Ligand SMILES: Cc1ncc(C[n+]2csc(CCOP(=O)(O)OP(=O)(O)O)c2C)c(N)n1
Ligand SMILES: [Mg+2]
């Protein structure tokens, strides 16, 4: 049988061929120059990334204690992407992503207490305890979710960009999705409309190498995702998503491109998630050594920490103080989310369409 024969082939033979020849033809924007962010922005990046890391670690613990139910996808390892992108946003810009969304919300300035209380399904969570990890919104902060259907946020984010253009402002839509989502049909329908109507949308592909337990190489005919807009004439750039400086430089360039009316832009962020796909995934499809190598050699927070020390932009003591402050915010959020009451049963009838 074809399937049995296929399984019998060595791993390399089963993998789809890569498209190195095609890669050369694809429109590739010149990578933006990576410069130091300066003392203040580097310190800010350190604090913001650490907040996401500690928040996620706490969420993982609370999940283990049974305080959080349902799905819970942690963002640990990918922090530099949202923190670098957020640096170039202006009030009124919009952000939309999938279910791995806690980092995006914290980077957007949403309150850690409200996010954690939503994770525990409590009354003062962002969706009044009715949405959980994957379904939170804050129009005030320009955050439009949190979406559980893979790729569904891409047409929605394109629609947000349409609204910006229609209103005649210079706002941009940051539309995040994963390497797995990048193979969805609706992504390409969105690309077509975005280019046709020259919409101000930055498509940020968070390429963390895996879609659930399937590596990009096993599932994707082409693995350089930055040129997935080639058929629609959308420029793309591949970025070291573990280096917040590279993310910020690329974000500056893409945002300028969009704000000046040049249409969409694609940023492929090369990143990595340290934990499994969700809390129920032991991640047996990859080796411990693979994870350890990224952690020790490319950790986004450690890179900033070392620069801060080397450049004497912060002392060990100052960093300890930042760490303590971050832990305090996270502990308060966890206390709040544990003691906040569950929503009143009457909430079942609010926020629903009759
Ligand atoms: C339409 C659809 N198909 C399948 C799923 C199940 N599913 C949830 S997450 C996921 C993998 C997506 O991976 P990727 O886009 O790389 O994002 P990551 O989890 O790595 O952030 C799949 C297949 C889903 N939620 N929606
Ligand atoms: Mg992925």
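Below, the figures for the structure above:
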quantity	calculated
Å³ per residue enclosed by the Cα convex hull of the range 171-320	140 Å³
Long-range Cα-Cα pairs in the range 291-354 (distance over 13 Å), rounded percent	77 percent
Ranked packing of 112-121, 137-146, most packed first, by mean Cβ within 10 Å	112-121, 137-146
Equivalent-ellipsoid semi-axes of the range 182-251, from the Cα gyration tensor, Å, largest first	21, 18, 9
Among 192-205, 220-233, 284-297, the order from most to least packed when residues are scored by Cβ within 10 Å on average	192-205, 220-233, 284-297
Highest to lowest packing among 165-172, 207-214, 44-51, scored as the average C-beta count within 10 Å	44-51, 207-214, 165-172
Helix-only CD estimate at 222 nm, as mean residue ellipticity for the chain, using -39500 (n - 2.57) per DSSP H run (n ≥ 4)	-13500 deg cm²/dmol
When the convex hull of its Cα atoms is projected in every direction, mean area for the chain (nm²)	20.5 nm²
Reciprocal mean inverse distance between Cα atoms of the range 242-326 - Kirkwood radius, Å	16.0 Å
Where labels lie 7 Å past Cα in the beta-carbon direction, separation of residue 90 and residue 65 in nm	4.4 nm
Cα point-scatterer Debye curve for the range 102-221, base-10 log of I(q)/I(0) at q = 0.14, 0.17, 0.18, 0.21 Å⁻¹	-0.67, -0.92, -1.00, -1.16
Rounded to 5, the percent of DSSP beta bridges in the chain classed as antiparallel	10 percent
Whole-number D in µm² s⁻¹ for the range 27-106, Kirkwood Cα-pair radius fed into Stokes-Einstein, 25 °C, 0.890 mPa s	169 µm²/s
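The numbers here are math on the coordinates, done by the rules we state, and not lab data. Please read these numbers as outputs of a predicted model, since none were measured by experiment. All Cβ positions, glycine included, derive from the backbone under ideal geometry; neighbour counts span all protein chains shown.
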